[in-house]
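Let me begin by presenting the structure, written as structure tokens, before commenting on it.
The values are calculated or read from the model by the stated rules, or taken from the named source; none is laboratory data. Keep in mind that this is a model prediction, so the values were computed, not measured. Note that we place each Cβ from the backbone using ideal geometry, even for glycine, and neighbour counts take in every protein chain shown. Ligands, DNA and RNA are stripped out before the accessible areas are found, and what is left, the full protein with its side chains, is counted by its heavy atoms. Shrake-Rupley method; radii C 1.70, N 1.55, O 1.52, S 1.80 Å.
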Amino acid sequence: MSFNTFGHLFRVTTWGESHGPALGAVVDGCPPGVAIDEAMLQHWLDRRKPGQNKYTTQRREADAVRILSGTYEGRTTGTPVQLMIENTDQRSKDYGDIALSFRPGHADITYWQKYGIRDPRGGGRSSARETAARVAAGGVARAALGLLAPEVKITGYMVQMGRLKADRDRFDMAEIGRNPFWCPDAAAAAIWAEHLDELRKSGNSVGAVVEVVASGVPAGLGAPIYGKLDSDLAAAMMSVNAVKGVEIGEGMAAAELTGVENADEIFMGNDGKPRFSSNHAGGILGGISSGQDVVVRFAVKPTSSILTPRKTITITGEETEIITKGRHDPCVGIRAVPVGEAMMACVILDHLLLHRGQIGDAGGKIG
């Protein structure tokens, strides 16, 4: 299988399967001298790991990351950083009944049609378990950003579960870490908890929308046409398991606006820097960052592994019904929040390195 690498200068290659002995990432292109250690990366992995509450899969994985190469005395050397996370709580027997049948909504059927072989244990390579490696790589990217662009701050949170939306008038970013949904609206989080409890107990699942914001991003990152910051962000988020849609800024809602409404008017601030009246563009104009917050949203489909019987076919073409046993997230959007943050960190760092390499300090000045 090819295409397991993303990034231009900061390149991440992930490897491993859901029920294999381990999974991980090779991070190439990280600048030398970045302070990283396993405890630092573990902080981010602990936010994604399963089994933390009743609203996520009860698979018990420590997600303990090991740094195997690319550092010396706690700092990166500029050589590839090898990260490994062992799988310790696989229950492959849960998937014995589906080895010859295709789960609706899963990649089972397309993997079989493409490769003629598939690993049915937890979805193999198509499992969301692969995202643990991305979060580890995102930890390296955050550390590098902390050295090169310390003003950059990345925050993700859920804004919608199914048809239930958070109220932006009630947003309090301090609430994000206080509920299991990473939701900045405490009232919405309480409603979501009741809703998800009902779905979980009935063997059903639900989708979600996650928003990731990068503040402090310098102006000038990205390039016209084929190197757009927003196209790389969209590709990064869309590559995450179960993601079916990505928006930048106003996104699809921009189609409902007039030109007058959509234009982010520009003024000079008291600090001599440009200021904008709004941020419909999501911090990106013509594929290049404007200095405003970079805002990305992505929609995650409902978990396909459910206990409700669904009609399907077998490898031999026979029609049948299937129930997916095992331990699964009733709403994968919850654990997708730290994954989205990691992908944002990797893309922003990648474009920062590209910008430094091509432009340096040659950008245009205002005022």
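When Gly177, Gly269, Gly203 are checked against the criterion of being over 22 Å from Gly282 (Cβ atoms), open to solvent by less than 40 Å² (accessible area, probe 1.4 Å) and at pLDDT below 95, a single residue qualifies: Gly203. Beta carbons closer than 7 Å, at least 6 apart along the sequence or on distinct chains, pair a first residue in segment 297-320 that is more than 30 Å from Gly251 (Cα to Cα) and without any contact (Cβ under 8 Å) to a residue 12 or more places away in the chain with a second that is in a strand (DSSP E or B) and aliphatic (A, V, I, L, M) for Glu319/Ile313.
Selection of first residues in segment 332-352 that are of a type in the set (Lys, Arg) and of second residues that are in a helix (DSSP H, G or I), restricted to Cβ pairs under 8 Å at least 6 apart or on distinct chains, gives the following pairs, ordered by first then second residue: Arg335/Arg48; Arg335/Ala128; Arg335/Thr131. With respect to Thr314, determine if the residue is of a type in the set (Ser, Thr, Tyr) and in contact with a Leu (Cβ under 7 Å, 6 or more places away or on another chain). Here the answer is yes, as Thr314 does meet what is asked.
Ala143 meets the conditions (1) modelled with pLDDT of 80 or more; (2) open to solvent by 50 Å² or more (accessible area, probe 1.4 Å); (3) touching a helix residue (DSSP H, G or I) at 6+ places or on another chain (Cβ under 7 Å) in every case but one. The failed one is (2). In the set Lys311, Lys325, only one residue is modelled with pLDDT under 95, in a strand (DSSP E or B) and either open to solvent by 30 Å² or more (accessible area, probe 1.4 Å) or over 26 Å from Ala137 (Cα atoms) (or both); that residue is Lys311. Being open to solvent by 10 Å² or more (accessible area, probe 1.4 Å), acidic (Asp, Glu) and modelled with pLDDT under 80 holds for only one residue in Asp94, Asp119, and it is Asp94. Mind checking which residues of segment 180-200 are open to solvent by 30 Å² or more (accessible area, probe 1.4 Å) and over 26 Å from Lys325 (Cα atoms)? Listed by number, the residues that qualify are Trp182, Ala186, Ala187, Ala190, Ile191.
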